[in-house]
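Novice: Submitted below is the structure of interest, expressed as structure tokens.
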Amino acid sequence: MKLYYSPGACSLGIHVLLEEIGKPYEAEKVDLRTPVAERPLSRVNPKSKVPTLVRDDGSILTEYPAIAFWLARTNPQKHLIPEDIEGQTRVLEATDFCVATMHMQGFSRIFAARRAATEAERDSMIAQGRDIATRALVRADGMLAGKPWLVGDFSIADTALFYCCTWAPPFEVALPPNVAAHFERMKARPAVRATLQAEGLA
Ligand SMILES: N[C@@H](CCC(=O)N[C@@H](CS)C(=O)NCC(=O)O)C(=O)O
């Protein structure tokens, strides 16, 4: 198996899952500053995005929730997703909330602001991104009230929240208390420590 990742990008969460699983894998670094047309990743994944997972049969998987779900289901001994349909649905619901709302609607707007045509447009995009990310983090805070993980036991949803949390301090987005405690809990996991080290983020 091979993971295409970029240090500190959303692929961080899939990198953590591979470390949690503990089977051998390759990790190939992608420089997202390279134009898409010149990026070797574009020949593997026409969407040219990380995370991209190349499986042992050569087929590729893209999109965080799909990759995370497949890793969890093919490694049932690691209990990264519940076995019952209701539990799996709730974990996917929480995972997609982190990826599609917190990341794509919130933090991605802040990343995209550097390409804004004017300073006013840039400021507006950053303000909107911060607002959406903050409201999503408050929602996650409610989901974490009185419990350590987003849905039941530790799951793929927690790795999605984790990668989003790594973007909060640099973009001056506050982590509410339960999310801040979750972030610390995640950083204490050996798999997370190993991943941060491997990506040069420790
Ligand atoms: N919806 C995708 C999001 C993937 C994504 O947007 N990845 C970013 C990095 S966090 C990326 O590769 N962007 C490509 C680029 O910047 O050219 C997923 O769930 O995997």
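The values are calculated or read from the model by the stated rules, or taken from the named source; none is laboratory data. Small disclaimer: the values here were computed from a predicted structure and weren't measured. We place every Cβ from the backbone using ideal geometry, glycine too, and count neighbours over all the protein chains shown. SASA here: full protein model, heavy atoms, side chains in, ligands and nucleic acids out. Shrake-Rupley method; radii C 1.70, N 1.55, O 1.52, S 1.80 Å.
Novice: Inside the stretch 92-102, can you point out the residues that are within 11 Å of the ligand (Cβ to nearest atom) and either open to solvent by 10 Å² or more (accessible area, probe 1.4 Å) or of a type in the set (Phe, Trp, Tyr) (or both)?
Specialist: Applying the first criterion (within 11 Å of the ligand (Cβ to nearest atom)) to the stretch 92-102 yields 95-96, 98-100.
Result: ASP96, VAL99, ALA100.
Novice: In the stretch 6-47, what residues are in contact with a strand residue (DSSP E or B) (Cβ under 9 Å, 6 or more places away or on another chain) and either farther than 24 Å from ARG193 by Cβ or not assigned by TED's automatic domain parsing to the domain that holds GLU63 (or both)? Spell out how you get there, then give the answer.
Specialist: Residues of the stretch 6-47 that are in contact with a strand residue (DSSP E or B) (Cβ under 9 Å, 6 or more places away or on another chain), as a first pass: 6-7, 11-12, 14-15, 18, 25-30, 40-41, 44-45, 47.
Those that are in contact with a strand residue (DSSP E or B) (Cβ under 9 Å, 6 or more places away or on another chain) and either farther than 24 Å from ARG193 by Cβ or not assigned by TED's automatic domain parsing to the domain that holds GLU63 (or both): PRO40, LEU41, VAL44, ASN45, LYS47.
Novice: Let me ask something else. Quick check on GLU38: is it without any contact (Cβ under 8 Å) to a residue 40 or more places away in the chain and away from the ligand (no atom under 16 Å from the Cβ)? Let's see the steps before the verdict.
Specialist: Working: without any contact (Cβ under 8 Å) to a residue 40 or more places away in the chain: yes; away from the ligand (no atom under 16 Å from the Cβ): no.
Spelling it out, it is not the case that GLU38 is without any contact (Cβ under 8 Å) to a residue 40 or more places away in the chain and away from the ligand (no atom under 16 Å from the Cβ).
Here is a yes/no grid of residues against (1) surrounded by fewer than 17 Cβ atoms within 10 Å (Cβ to Cβ); (2) acidic (Asp, Glu):
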{"site": "SER6", "(1), (2)": "no, no"}
{"site": "GLY13", "(1), (2)": "no, no"}
{"site": "GLU28", "(1), (2)": "yes, yes"}
{"site": "VAL36", "(1), (2)": "yes, no"}
{"site": "LEU41", "(1), (2)": "no, no"}
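Novice: Can you name every one of the helices (runs of 4 or more DSSP H) wholly within the stretch 56-174 that holds 2 or more residues which are farther than 23 Å from TYR4 by Cα, out of contact with any strand residue (DSSP E or B) (no Cβ under 9 Å at 6 or more places or on another chain) and basic (Lys, Arg)? Please lay out each step first, then the result.
Specialist: Values: elements: 64-74, 85-96, 108-112, 119-143, 156-167.
Qualifying helices (runs of 4 or more DSSP H): 119-143.
Novice: Right, next: Residues in the stretch 123-145: is at least one within 25 Å of GLU20 (Cβ to Cβ), touching a Cys at 6+ places or on another chain (Cβ under 7 Å) and open to solvent by 30 Å² or more (accessible area, probe 1.4 Å)?
Specialist: No - not one qualifying residue is present in the stretch 123-145.
Novice: Only one residue in VAL50, VAL54 is within 8 Å of the ligand (Cβ to nearest atom) and either assigned by TED's automatic domain parsing to the domain that holds PHE97 or closer than 27 Å to PHE111 by Cα (or both). Which one? Walk me through how you get there before you give the answer.
Specialist: Working: VAL54 fails: within 8 Å of the ligand (Cβ to nearest atom).
Step by step, each of VAL50, VAL54 is checked, and only VAL50 is within 8 Å of the ligand (Cβ to nearest atom) and either assigned by TED's automatic domain parsing to the domain that holds PHE97 or closer than 27 Å to PHE111 by Cα (or both).
Novice: Scan the stretch 70-91 residue by residue and report those that are within 30 Å of GLN128 (Cα to Cα) and either open to solvent by 60 Å² or more (accessible area, probe 1.4 Å) or among the charged types (D, E, K, R) (or both). Walk me through it before giving the result.
Specialist: Taking the stretch 70-91 and keeping what is within 30 Å of GLN128 (Cα to Cα), we get 89-91.
Matches in the stretch 70-91: THR89, ARG90.
Novice: Looking only at the stretch 177-202, which residues are crowded, with 17+ Cβ neighbours inside 10 Å and in a loop (DSSP other than H, G, I, E, B)?
Specialist: Across the stretch 177-202, the qualifying residues are ARG189, GLU199.
Novice: Consider ALA27 carefully, then state whether it is within 19 Å of the chain's Cα centre (by Cα), part of a helix (DSSP H, G or I), at pLDDT 95 or above and under 24 Å from TRP167 (Cα atoms). Walk me through it before giving the result.
Specialist: Values: within 19 Å of the chain's Cα centre (by Cα): yes; part of a helix (DSSP H, G or I): no; at pLDDT 95 or above: yes; under 24 Å from TRP167 (Cα atoms): yes.
When the stated conditions are applied, ALA27 does not pass them.
Novice: Say whether the condition of being of a type in the set (Lys, Arg), at pLDDT 95 or above and surrounded by fewer than 13 Cβ atoms within 10 Å (Cβ to Cβ) is met by at least one residue in the stretch 53-65. Write out each step before concluding.
Specialist: Here is the first cut: in the stretch 53-65, the residues of a type in the set (Lys, Arg) are 55.
Applying the additional criterion that residues be at pLDDT 95 or above yields 55.
Subset that is surrounded by fewer than 13 Cβ atoms within 10 Å (Cβ to Cβ): none.
No, the stretch 53-65 contains no residue that is of a type in the set (Lys, Arg), at pLDDT 95 or above and surrounded by fewer than 13 Cβ atoms within 10 Å (Cβ to Cβ).
Novice: Is the stretch 62-77 home to any residue that is away from the ligand (no atom under 13 Å from the Cβ), basic (Lys, Arg) and within 18 Å of ALA157 (Cα to Cα)?
Specialist: Looking for residues that are away from the ligand (no atom under 13 Å from the Cβ), basic (Lys, Arg) and within 18 Å of ALA157 (Cα to Cα), one finds at least one in the stretch 62-77, hence yes.
Novice: Any chance the stretch 103-124 includes a residue that's within 13 Å of the ligand (Cβ to nearest atom), more than 13 Å from the chain's Cα centre (by Cα) and among the aromatic types (Phe, Trp, Tyr)?
Specialist: Checked the stretch 103-124: at least one residue is within 13 Å of the ligand (Cβ to nearest atom), more than 13 Å from the chain's Cα centre (by Cα) and among the aromatic types (Phe, Trp, Tyr).
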